[in-house]
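The values are calculated or read from the model by the stated rules, or taken from the named source; none is laboratory data. All values derive from a computational prediction rather than experimental measurement.
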Amino acid sequence: MLNASTQVRDPVCGMHIDPTDAAGKSEHNGHTYYFCHAHCQRHFDQNPQRYAGRQ
């Protein structure tokens, strides 16, 4: 089981994931965002302002 401190939150769906197991990642305003699935990454990439800062 993973330690909660090693996990990040997918800004689109809210799922907590280990960054090393992420399905994808995107950069926005100097911050790296990690995603549980490619569809979450696509939503983010289409409108990052909507999701950035939701962590």
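For the structure I just gave you, tell me whether residue 14 is in a loop (DSSP other than H, G, I, E, B), on the phi > 0 side of the Ramachandran plot and at pLDDT 95 or above. So residue 14 fits the description; yes.
Could you please find all residues in the stretch 17-45 being of a type in the set (Gly, Ala, Ser) and outside any strand (DSSP E or B)? Of everything in the stretch 17-45, those that are of a type in the set (Gly, Ala, Ser) and outside any strand (DSSP E or B) turn out to be 22, 23, 30, 38.
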